[in-house]
Amino acid sequence: MPQQTGDRVKTDRRDASKLARYLRSGDLTAVYVPDEIDEAMRDLVRARSDAKKALHTSRQQLNHFFLRHDRRFDGKSRWTKAHFEWLRKQHFEHPAQECVLADYLRAVETAGERGSESDGRADRRGSSRRRARGPPRFSSACDEECSQLRPETEEEFNQDPLGDLEPL
């Protein structure tokens, strides 16, 4: 709620009268409060986003590992079947570097699988939710109640329902 500079005192009575005034003037807008299903879908979308970020990060780490050792893929595009075959054919002299390569490859494959699984889950859940309930909508009953509370004339607008409002 907007506040004037000197009006910093918070009381339930003042808040209620401000809310009543804003409601009468039509300045309050309806909001959609997500239910448990919506929150679950948001969690699923967040998990998908995390999986995509993990895939991006693991691919970058693998790319930088090869760049540090001056190895570049000559194919058209990376992360294709041909690129993965090239990655698996790469070998290094030192066993520690072989371990790092294996670890990075495993991280990319794991992150890719995780991303594919979360994509599939989000698609299945999202389509069934849309079919079952449709998009979230505001309550029409709430809209009707609010419209009944809006003042018709300026005189009604300036009336003080609690009798304790001071002019601004």
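The values are calculated or read from the model by the stated rules, or taken from the named source; none is laboratory data. Not measured: the values here are computed from a predicted model. Don't worry about glycine lacking a Cβ; one is built from the backbone with ideal geometry, like all the others, and counts go over all protein chains shown.
Here the condition is being in contact with a helix residue (DSSP H, G or I) (Cβ under 6 Å, 6 or more places away or on another chain), in a helix (DSSP H, G or I) and either surrounded by 11 or more Cβ atoms within 10 Å (Cβ to Cβ) or not polar (S, T, N, Q) (or both); of 40, 16, 47, it holds for 47 alone. Scan the stretch 64-75 and tell me whether some residue there is on the phi < 0 side of the Ramachandran plot, of a type in the set (Lys, Arg) and assigned to a loop (DSSP other than H, G, I, E, B). Yes, the stretch 64-75 has at least one match. If you go through the stretch 58-77 one residue at a time, how many are without any contact (Cβ under 8 Å) to a residue 40 or more places away in the chain and under 22 Å from residue 117 (Cβ atoms)? Count: 1.
Of all residues in the stretch 101-116, how many are among the charged types (D, E, K, R) and exposed (fewer than 13 other Cβ atoms within 10 Å of the Cβ)? Count: 2.
Any residue at all in the stretch 3-13 that's of a type in the set (A, V, I, L, M, F, W, C) and surrounded by 14 or more Cβ atoms within 10 Å (Cβ to Cβ)? No: zero hits. Against the condition out of contact with any Gly (no Cβ under 7 Å at 6 or more places or on another chain), part of a helix (DSSP H, G or I), aromatic (Phe, Trp, Tyr) and surrounded by 11 or more Cβ atoms within 10 Å (Cβ to Cβ), how does residue 22 come out, does it pass? Yes, satisfied. Here residue 105 passes the criteria (1) more than 31 Å from the chain's Cα centre (by Cα); (2) part of a helix (DSSP H, G or I) except the one numbered (1). Close Cβ contacts (under 6 Å, 6 or more residues apart or on different chains) running from residues in the stretch 90-113 that are under 17 Å from residue 54 (Cα atoms) to residues that are of a type in the set (Phe, Trp, Tyr) and modelled with pLDDT of 95 or more comprise 104/65.
Output yes when any residue across the stretch 79-88 is of a type outside the set (S, T, N, Q), part of a loop (DSSP other than H, G, I, E, B) and surrounded by 13 or more Cβ atoms within 10 Å (Cβ to Cβ), and no when none is. Within the stretch 79-88, one or more residues are of a type outside the set (S, T, N, Q), part of a loop (DSSP other than H, G, I, E, B) and surrounded by 13 or more Cβ atoms within 10 Å (Cβ to Cβ). Could you tell me whether any residue of the stretch 92-100 is outside any helix (DSSP H, G or I), modelled with pLDDT of 90 or more and surrounded by 11 or more Cβ atoms within 10 Å (Cβ to Cβ)? Yes, there is a match, as at least one residue in the stretch 92-100 is outside any helix (DSSP H, G or I), modelled with pLDDT of 90 or more and surrounded by 11 or more Cβ atoms within 10 Å (Cβ to Cβ).
Inspect all residues belonging to the stretch 20-28 and state whether any of them is within 34 Å of the chain's Cα centre (by Cα), without any contact (Cβ under 8 Å) to a residue 40 or more places away in the chain and over 29 Å from residue 115 (Cβ atoms). Within the stretch 20-28 (the criterion being within 34 Å of the chain's Cα centre (by Cα), without any contact (Cβ under 8 Å) to a residue 40 or more places away in the chain and over 29 Å from residue 115 (Cβ atoms)), the answer is yes, since at least one residue qualifies.
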